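For reference, the structure is listed below as structure tokens.
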Amino acid sequence: MYKKLTFFCAALSCILLGGCGSQSGENGVVIVYNWGEYVDPDTLDMFEEETGIKVIYDEFETNETMFPKIEAGAAAYDVVCPSDYMIHKMIENDLLMELDYSKIPNAKANIGAWYWEQSQAFDQGNRYSVPYCWGTVGILYNKTMVDEPITSWAQLWDETYKDEILMQDSVRDAFMVAEKTLGYSMNTLNPDELQKAKEALIAQKPLVQAYVIDQVRDKMIGGEAAIGVIYSGEAIYTQYENPDLEYAIPEEGTNVWIDSWVILKDAPNKENAEKFIDFMCRADIALKNFEYITYSTPNDTARALIEDEEIRNSPIAFPDLTQYDNLESYVYLGEDGDTLYNELWKEVKSY
């Protein structure tokens, strides 16, 4: 939030009208569009000091709110950090620039091979995206507020926890929970399966305290709910703040996600965008960002620099995924698939 506020007034016309170019900063600007609180502000200052390039920084809350803004060309961004399936969609819509890795050497040098392999599912050949953060979606629960350990998505339908359950206000994440509970793929387009998933979410709705995103973290820390669907990176932070909280990857399986840096095809500051991504892939910078946001880094060189062995080998931050079944990553389901999911989600929310 810091950078967004710092540059808001100065950058508004630049972002909306595309008028920045090299007019600001010793060596121009780079215009970045990222998730909220998803970078250490100090690293942005360091980038500016080292390169003379001014960072114009803006934030989004979900992939679904980010994409229309990019597609419409309403803002002149250079670098964006979407999730896996949304990167696939942006590739399909010809919105991304193919990367020149000779200009981003830290990416290939420091990011682990497993993350490049995982990225092939949404970016064949790793042509358009550089992994930034990764993790799982699971259940965070307060050990003092539940009757037994939470190990299954099905427990989110337990009437014992009425008004103590937090769900993600996100169409794909909400449907993933229902789909995994029912034994379906979270990428299903089977009409019967989707109808049953919708019905399950509607049946669950009277038990849900709220559909939220970032607020899951604060509500769970404050003891305002017993159970919440959360991203693993948020879970790490919450445990720092409240030791009564525990994170579990449900036995039915879940989503393994990757958020990655991309450069827009019409980026006004391509060379500065390459420098920005390369800087973010530097081991010391990746370490600072991990320590600040607590989301798992795919930067193996940075992970090796983590001094706290417990964190370096954390089963939340760096889980051994071979011990879990039915793990999947979201894939782009096409325009018809998007429309179908969105319509079903509207039905759930309006019921």
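Quick one: divide the alpha-carbon radius of gyration of segment 201-333 by 2.2 N^0.38 Å and tell me what you get. It would help to have the intermediate numbers written out before the result.
Details: Rg = 17.6 Å, N = 133, 2.2 N^0.38 = 14.1 Å.
Dividing the Cα radius of gyration by 2.2 N^0.38 Å gives 1.24.
Helix 171-181 sits at what angle to the longest principal axis of the chain, using alpha carbons and giving 0 to 90 degrees rounded to 10?
Between the helix axis and the principal axis of the chain, the angle is about 40 degrees.
Explain nothing, just compute: Karplus ³J(HN,Hα) = 6.51 cos²θ - 1.76 cosθ + 1.60, θ = phi - 60°, for every residue of segment 26-33 in order, whole Hz, x for Gly and Pro.
4, 10, x, 10, 9, 10, 10, 10
Where does helix 283-293 land angle-wise versus the long Cα axis of the chain, in degrees 0 to 90, nearest 10?
Result, in degrees: 40.
Using the heavy atoms of the protein chains alone and a 1.4 angstrom probe, what is the accessible area of the chain per residue in square angstrom?
With all protein chains present, the chain gives 42 Å² per residue.
In square nanometres, what is the average projected area of the Cα convex hull of the chain?
For the chain, the mean projected area of the Cα convex hull comes to 16.9 nm².
I want the local charge near residue 345. Using Cβ-Cβ distances under 14 Å, sum +1 for each Lys or Arg and -1 for each Asp or Glu among the other residues. List each step's numbers first, then the result.
Working: positive: 172, 198, 205, 346, 349; negative: 64, 169, 173, 179, 199, 338, 343, 347.
Charge balance near residue 345 sits at -3.
Net charge within 12 Å of residue 326 by Cβ-Cβ distance, Lys/Arg positive one each and Asp/Glu negative one each, not counting residue 326 itself? Don't jump to the answer; show the numbers that get you there.
Details: positive: 180; negative: 179, 251, 252, 325, 328.
In short, -4.
Over the chain, with every protein chain in place, what whole percent of the accessible area is carbon and sulfur at 1.4 Å, could you tell me? Working shown, then result.
Values: 6940 of 14660 Å².
Taking all protein chains in place, the chain shows 47 percent carbon and sulfur surface.
Full-extension gain between residue 154 and residue 271, please, as 0.36 nm times their residue separation minus the C-alpha to C-alpha distance. Walk me through the numbers on the way to the answer.
On the way: separation 117, 0.36 × 117 = 42.12 nm, distance 4.86 nm.
The span from residue 154 to residue 271 would gain 37.3 nm if fully extended.
Just to verify a number: FRET efficiency for residue 331 and residue 292, C-beta to C-beta distance, R0 = 30 Å, to 0.05?
Numbers: r = 30 Å, r/R0 = 1.00.
That pair, residue 331 with residue 292, gives E of 0.50.
Provide the gained length on full extension for the span residue 210 to residue 305, in nm with one decimal, where the gain is 0.36 nm per separating residue minus the Cα-Cα distance.
Numbers: separation 95, 0.36 × 95 = 34.20 nm, distance 3.85 nm.
Net length gain for the segment: 30.3 nm.
Suppose every K and R has +1 on its Cβ and every D and E has -1 on its Cβ; what is the size of the dipole of the chain about the Cα centre, in Debye to the nearest 20? Don't skip to the answer; put the middle values down first.
On the way: 26 positive and 62 negative charges, 136 e Å.
In debye, rounded to 20, the chain gives about 660.
Using only Cα atoms, tell me the angle between helix 334-350 and the longest principal axis of the chain; keep it within 0 to 90° and round to the nearest 10.
Between the helix axis and the principal axis of the chain, the angle is about 50 degrees.
By the scheme Lys and Arg +1, Asp and Glu -1, what is the net charge of all other residues having a beta-carbon under 12 Å from that of residue 263? Working shown, then result.
Numbers: positive: 103, 127, 265, 270, 275; negative: 78, 98, 100, 266, 271, 274, 278.
Local net charge: -2.
The values are calculated or read from the model by the stated rules, or taken from the named source; none is laboratory data. The structure presented is a predicted model; accordingly, all values stated were derived computationally and were not measured. All Cβ positions, even for glycine, are placed from backbone atoms using ideal geometry, and neighbour counts span all protein chains on display. Side chains included, ligands, DNA and RNA excluded: accessible areas come from the protein's heavy atoms. Shrake-Rupley method; radii C 1.70, N 1.55, O 1.52, S 1.80 Å.
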